[in-house]
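To keep things clear, I will list the structure first and then write my remarks on it.
A short reminder: the numbers here are calculations on the coordinates, not readings from a lab. Being a predicted model, the structure only gives us computed values, none of them experimental. Because the Cβ atoms are built from the backbone with ideal geometry, glycine has one as well, and the counts that use them run over all protein chains shown.
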Amino acid sequence: MRAVLCGYYGLGNGGDEALLATLLQMLPPSVTPVVLSGSPAETAQRYGVEAVPRKALGPVIKALRGADALILGGGSLLQDATSLQNPLYYSGLLVLAQWLGLKTIAWGQGIGPLNHPLSQGVGRYALGHCNAVSVRDHGSAAWLARWQVPSMQAPDPVWALDSTPVEGLWELPAPRVAVALRPHPWLTEARLDQFTQALASFQKATHTCLLLVPFQPIKDLAIAEYIQPRLPGPSRIYTLSDPRQLKGLFRGVEMTIAMRLHALIMAAAAGCRCFGLSYDPKVSHLMADLDLPWADLNPQGASHRWPDTPEQLTRAWLEVYANGDPLSPDQIKSRVDRALMHQDLLRDVLTP
């Protein structure tokens, strides 16, 4: 069987690459993957798979005609908060594959927000005609329940991603703390300055080595490069393209402060203490589900308000560093085991 894998792949986002690596890890051995990618040559080289340009209509249709299934693979693909194009593109691919007679699977999805009636309509139609749908959170399951689309809910597939060690990490001074920020209108210049001051004070108090981890370097690296010169102690910027290494990085740190959803998932799965900075409901939902501390960047947020001063932010982090509890081994195992339900779904649909 040949399956076309579609997602936000080959575009330099560590979280989406981690989802692709997990999907490839979970595919039944009898399935040959063809990945739609923003960088087909790079994707083919990194994962040893066939890859075609994701926006080239001719090659995409050819790949679908030569396949037996289409898998919409993980992440916040069906949402219109960033652009109406997202749900139209991904829903359109599902519908096209369904018209061509392929099996279709929406796998590990984070659905919403969907504010536009058009994105709601095409999303409901496309998902309603899938052979199977799995989602990663309660909010996504609620969308499907309203649409009366059957689905399976399990933790984000990246909980179950294999990790590999990062060369040289253990030679850096310990203890180590990872930081993963991303640009967002709510992370204003004033707030970034406040964050940087708080981080500098935190480092002075803890004598930690800070690892700045841009999950999507084209967007995140500038923030890391802004912060690093303002830190009083040892630090290093890690731009890792292999998602398994990215997950392995968190096995060598004591605590993680992050906006990026998959940084928090990888850190929690590695047994790190975590502090989340929420710019999207998916982050606050994760932190609430794990019962871990977080602050809301949304100025309209009703709870977990962003601190008024750098000192308050520093105190919050010091409390987590000194007294916070990571997930227990049993809690981690439970989430990894349940994340493997996404693998069971693939096997049930794609094998005879």
In which sequence would Thr164, Thr22, Thr206 go, from the one with the fewest C-beta neighbours within 10 Å to the one with the most?
-> Thr164, Thr206, Thr22
In terms of the alpha carbon gyration tensor, root eigenvalues a ≥ b ≥ c, rounded if a/c is under 1.5 and otherwise prolate when a/b exceeds b/c or oblate, the chain is prolate
Bridge type composition, region 212-337 - antiparallel percent by DSSP, nearest 5 | 0
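As an exercise, identify the GluC sites (Glu not before Pro) in region 159-231 lying in DSSP coil whose Cβ has no more than 11 other Cβ atoms within 10 Å.
On the way: sites: Glu167, Glu171, Glu189, Glu225; in loops: Glu167.
Loop-located and lightly packed - Glu167.
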Assign one of three labels to region 1-62, namely rounded, prolate or oblate, based on the Cα gyration tensor with a ≥ b ≥ c the square roots of its eigenvalues; rounded applies when a/c is under 1.5, prolate when it is not and a/b is larger than b/c, and oblate otherwise.
-> oblate
Between Asp68 and Ala81, with labels modelled 7 Å along Cα→Cβ, what's the label distance in nm to one decimal, could you check?
-> 3.7
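Subtracting the Cα-Cα distance from 0.36 nm times the residue separation, let me have the gained length for Arg230 to Asp242 in nm, one decimal. Display every interim value, and only then the final one.
Numbers: separation 12, 0.36 × 12 = 4.32 nm, distance 2.81 nm.
Length gained, Arg230 through Asp242: 1.5 nm.
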Length released on extending from Val336 to Ala44, taking residue separation times 0.36 nm less the Cα-Cα span | 102.4 nm
Cα centroid separation, region 262-320 to region 128-168 (Å) | 22
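Tell me the mean residue ellipticity at 222 nm calculated for the chain from its helices only (DSSP H runs of n ≥ 4, each -39500 (n - 2.57), averaged over every residue, nearest 500).
After summing the helix terms and dividing by residue count, I get -13500 deg cm²/dmol.
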Hydropathy first: keep DSSP H helices in the chain averaging at least 1.6 on Kyte-Doolittle, then drop any whose Cα extent along the axis falls short of 30 Å, and list what survives.
-> none
Given a Förster radius of 35 Å and the C-beta distance between Ala174 and Gln25 as r, what FRET efficiency does 1/(1 + (r/R0)^6) yield to the nearest 0.05?
-> 0.70
Taking a 27 Å limit on the Cα-Cα distance, which of the listed pairs Lys55/Lys333; Lys62/Lys103; Lys247/Lys333; Lys62/Lys219 fall beyond it?
-> Lys55/Lys333; Lys62/Lys219
Any idea how far apart Tyr125 and Ala288 come out in nm if each label point goes 7 Å out from Cα toward Cβ?
-> 3.3
